[in-house]
């Protein structure tokens with residue numbers, strides 16, 4: 001599954017943010033639900049237009065953006081209040097980035 005087959009950016013929709021299959025549901029929306037502790041199943045029940053692939057596409061997009069950020073020599077800044085469940089998911093996606101697993105920033109990272 002390639003997230004580019006699912007996510008689209010339209011200038012007149014949600015300020016050009018990446019949306020799922022042209023819906024008005026953004027990647028940020030889905031990641032926010034996950035960060036709040038919702039499971040994929042709960043999100044799918046609340047938003048019946050979404051599919052499991054849509055949620056995976058959002059996570060894949062976030063992972064790709066992180067890789068691009070790392071490639072450019074920058075660090076992704078995450079809110080220290082990130083839910084432990086999402087922090088664990090992101091840590092598994094972004095293997096080797098220790099500050100995600102610990103959900104803390106060392107002074108040299110900031």
Completion exercise
residue 29 passes all but one of the listed conditions (1) modelled with pLDDT of 85 or more; (2) in contact with a helix residue (DSSP H, G or I) (Cβ under 8 Å, 6 or more places away or on another chain); the exception is number (2)
Exercise for the section: Test residue 44 against the stated conditions and say whether it is farther than 13 Å from residue 60 by Cα, at pLDDT 90 or above, in contact with a helix residue (DSSP H, G or I) (Cβ under 8 Å, 6 or more places away or on another chain) and not in a loop (DSSP other than H, G, I, E, B). Expected result: yes
Exercise for the section: Could you list all residues from the stretch 3-20 that are assigned to a loop (DSSP other than H, G, I, E, B) and either buried (at least 17 other Cβ atoms within 10 Å of the Cβ) or touching a residue at least 12 places away in the same chain (Cβ under 8 Å) (or both)? Expected result: 6, 10, 18
Exercise for the section: Identify the residue in the stretch 26-39 that is without any contact (Cβ under 8 Å) to a residue 24 or more places away in the chain and either outside any loop (DSSP other than H, G, I, E, B) or touching a strand residue (DSSP E or B) at 6+ places or on another chain (Cβ under 6 Å) (or both) and, among all such residues, is farthest from residue 90 (Cα to Cα). Expected result: 26
Exercise for the section: Select from the stretch 51-78 the residues that are at pLDDT 95 or above and more than 19 Å from residue 26 (Cα to Cα) and list them in ascending order. Expected result: none
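Which one is nearest to residue 90 (Cα to Cα), of the residues in the stretch 40-58 that are touching a residue at least 24 places away in the same chain (Cβ under 8 Å) and surrounded by fewer than 17 Cβ atoms within 10 Å (Cβ to Cβ)? Break it down stepwise before answering.
Pass one, the stretch 40-58, residues touching a residue at least 24 places away in the same chain (Cβ under 8 Å): 49-50, 53-58.
The next check asks that each one be surrounded by fewer than 17 Cβ atoms within 10 Å (Cβ to Cβ); those that pass are 49, 53, 56.
Values: 49: 24, 53: 17, 56: 12 Å.
The extreme case among them is 56.
Could we say that residue 23 is surrounded by 13 or more Cβ atoms within 10 Å (Cβ to Cβ) and farther than 15 Å from residue 90 by Cβ here?
Yes: the conditions hold for residue 23.
Based on what the data block shows, is residue 95 at pLDDT 55 or above and part of a loop (DSSP other than H, G, I, E, B)? Even if it seems obvious, please write down each step before you answer.
Numbers: at pLDDT 55 or above: yes; part of a loop (DSSP other than H, G, I, E, B): yes.
Yes; evaluated as a whole, the condition is true for this residue.
The values are calculated or read from the model by the stated rules, or taken from the named source; none is laboratory data. Everything numeric here is computed off the predicted structure, so don't read it as measured data. Every residue, glycine among them, receives a Cβ derived from its backbone with ideal geometry; neighbour counts consider all protein chains shown.
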